[in-house]
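Here is the structure we will look at, set down as structure tokens.
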């Protein structure tokens with residue numbers, strides 16, 4: 001379990017109370033992964049690296065409207081900063097924004 005927790009580069013709570021060191025949020029994420037509601041970060045990274053090559057510089061996981069979402073910051077090969085929004089249950093990319 002410690003490895004799973006350490007795998008999250010940045011974990012944040014819902015926007016109104018976002019904190020990287022929120023133990024309640026970390027516990028909720030851990031439970032969601034164990035229950036199969038959320039794919040482990042390693043599986044998400046496998047899928048993202050194929051579709052969005054580049055360097056991953058940040059990762060967040062949030063629960064909004066009853067659904068978990070990963071948000072990854074990627075610097076692509078052209079030097080652009082991308083924000084990749086991923087459904088945490090399926091691993092499907094929902095949106096890619098250029099920042």
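Taken together, the values in this text are just the output of simple stated rules run on the coordinates, not laboratory data. All values derive from a computational prediction rather than experimental measurement. Cβ atoms come from the backbone with ideal geometry, glycine included; neighbour counts cover every protein chain shown.
Throw me the Rg/Rh for region 53-99, computed over C-alpha atoms with Kirkwood Rh, two decimals. A ratio of 1.00. Taking 7 Å steps out from each Cα toward its Cβ at residue 80 and residue 98 produces label points 0.4 nm apart.
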